[in-house]
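Below is one structure, written out as structure tokens; the observations come after it.
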Amino acid sequence: MNEMYDAVLSQLSIHKTGDRLLEEPLTLSAKPINLTDKTLLNLLLQYFLGSFQKTNDLYRLYHATGEHTLNEVFHFAKLIFENPESFHDNSKQIAKHLYDVANHPKIKGGELYCCYFDKLLIEGAMVNAIGIFKSESKEAYLTINRREQDFELGYEQEVINIKKLDKGCIIFNTEEKEGYKVTVIDQTNKIEAAYWIDDFLKLKIRNTAYNQTNTALSIYKDFVQNEMDADFNMGKTDKIDLLNRSINYFKENENFNLDTFSYEVINNEKGIESFKAYKQNYEQEFDTEIPDSFSINSAAVKKQAKVFKSVLKLDKNFHIYIHGNNELIEKGYDEGKKMNYYKVYFREEV
């Protein structure tokens, strides 16, 4: 999503936060890190920004009251953007806020890195940004040193792998009145994801074409995989066919229209009503609106196409890839062998 190549890491403060529920300590640094080593700066940029190169989802900072200015992270970010010299003091407040919401026994302690970036590119605009990153996982590394004609083998424990960022978010200094543009990463379990995204940051999806496309396809996939069983008792080949038709619709059209999509893909009155009700329930449950019409984003389609299963797995012996016309495959049962079978029709081998 963001380009790191022109980015400048101008300020960095490191604190350490534990699990408050377990009475682990909060350690705040007295001063920011001295950033003069160019090699270290490049490694830090790779560590902090490298994992965001393939993220496309954008969020906003919000508050349950509907007034995003009450969001704690928004408040401190705004103070920093208005006065970058207050960065270190406000980074302490961010660390305190993270510590205050760390009230689950499975939350891991770790180093919290608060960064101030200049020249970070987002959606074609170069802006300043605040990065908040947390490292929790440590690894052991072997070291090799040459001693005259020999080599010395050693190791370092509790080392951070710069290619594995545990948690992170970047707050871009744009669209302040809506809660800023925010991108986020969490590589840990669901409990910690809730603590990072919902309790600490309090994020809400930003309704862009990418998010609309991604969400619409996700909802439809869940509907086919879960709801179809309960309401229509569909076989796996029929489900795969519906998923293939939906992906094809998104690949072949520039704009999504709910009525057109429903007619062309589902093409069943009861199924259409069920899908629209499923979509409406999702919007209510997650307090988000998916328009009935929007521009289709090709990057979101490409991402979703990877998880739309078109493979029919049969025991451990066969996988059948179904890319179209499911009328050319029939399911039956052989009484003699006491086994199920599929019959596949085709004109020629390719």
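Close amide H contacts of LYS181 (hydrogens built in the peptide plane, cut-off under 5 Å, sequence separation of 5 or more or a different chain): PHE172, THR174. Exposure check, 1.4 Å probe, all protein chains in place: GLU24 carries approximately 70 Å² of accessible surface.
Taken one residue at a time, the phi angles of segment 213-224 give Karplus couplings (6.51, -1.76, 1.60, θ = phi - 60°) of 5, 4, 5, 4, 5, 5, 5, 5, 4, 5, 4, 5 Hz. Gly and Pro are set to x.
Set Lys and Arg Cβ to +1 and Asp and Glu Cβ to -1, take the dipole of the chain about its Cα centre, and tell me which of THR65, CYS114, LEU203 lies farthest positive. Looking along the dipole axis, the top candidate is CYS114. Amide H to amide H distances under 5 Å link ASN161 with GLU139, where only residues 5 or more positions off or on other chains count and H is placed in the peptide plane. For the chain, relative contact order (Cα pairs under 8 Å, six or more residues apart, normalised by length) works out to 16 percent.
Could you tell me which of the pairs LYS92/LYS202; LYS92/LYS164; LYS221/LYS302 are separated by over 22 angstrom between their Cα atoms in the structure shown? Kindly include the intermediate steps, with their values, before the conclusion.
On the way: LYS92/LYS202 19 Å; LYS92/LYS164 24 Å; LYS221/LYS302 14 Å.
Checking Cα-Cα distances, LYS92/LYS164 exceed 22 Å.
Using a probe radius of 1.4 Å on heavy atoms only, what accessible surface per residue do you get for segment 113-167? Whole Å² is fine.
Values: 3430 Å² over 55 residues.
Averaged over the residues of segment 113-167, the accessible area is 62 Å².
A straight Cα-to-Cα reach below 17 Å connects LYS343 with the lysines LYS236, LYS313, LYS331, residues fewer than 8 places away in its own chain not being considered.
Taken one residue at a time, the phi angles of segment 18-34 give Karplus couplings (6.51, -1.76, 1.60, θ = phi - 60°) of x, 8, 4, 4, 8, 6, 6, x, 10, 10, 9, 7, 6, 8, x, 7, 7 Hz. Gly and Pro are set to x.
Too long at a 26 Å Cα-Cα cut-off: which of LYS16/LYS106; LYS177/LYS303; LYS108/LYS177?
From LYS16/LYS106; LYS177/LYS303; LYS108/LYS177, over 26 Å: LYS177/LYS303; LYS108/LYS177.
By a 1.4 Å probe calculation restricted to protein chains, TYR263 has an accessible surface near 150 Å², given to the nearest 10.
Proximity of backbone amide H atoms, modeled 1.01 Å from N, is registered between ILE33 and LEU12, SER13, ILE14 at under 5 Å, excluding neighbours fewer than 5 places apart on the same chain. Seen from THR27, the other residues with C-beta closer than 11 Å to its C-beta sum to a net charge of 0, counting Lys and Arg as +1 and Asp and Glu as -1. Checking every one of the trypsin sites (Lys or Arg not before Pro) in segment 31-65 against DSSP loop status and a limit of 15 other Cβ atoms within 10 Å picks out LYS54.
Taking the accessible area of the chain, probe 1.4 Å, and keeping the other protein chains in place, the carbon and sulfur fraction comes to 47%. Couplings 3J(HN,Hα) for segment 57-64, derived from phi with the Karplus relation 6.51 cos²θ - 1.76 cosθ + 1.60 (θ = phi - 60°), are 5, 10, 10, 10, 7, 9, 9, 4 Hz, where x marks Gly and Pro. Mind checking the angle between helix 72-82 and the chain's longest principal axis? C-alpha axes, 0 to 90 degrees, to the nearest 10. The helix 72-82 is inclined about 60 degrees to the chain. Which lysines, on any chain, are close to LYS38 with Cα under 20 Å apart, when same-chain ones fewer than 8 places away are left out? The qualifying lysines are LYS119, LYS163.
The values are calculated or read from the model by the stated rules, or taken from the named source; none is laboratory data. On a predicted model such as this, the values are computed, not experimentally measured, just so you know. Positions of Cβ are generated from backbone atoms using ideal geometry, with glycine treated the same way; all protein chains shown enter the neighbour counts. Accessible surface areas use protein heavy atoms only, side chains included; no ligands, DNA or RNA. Shrake-Rupley method; radii C 1.70, N 1.55, O 1.52, S 1.80 Å.
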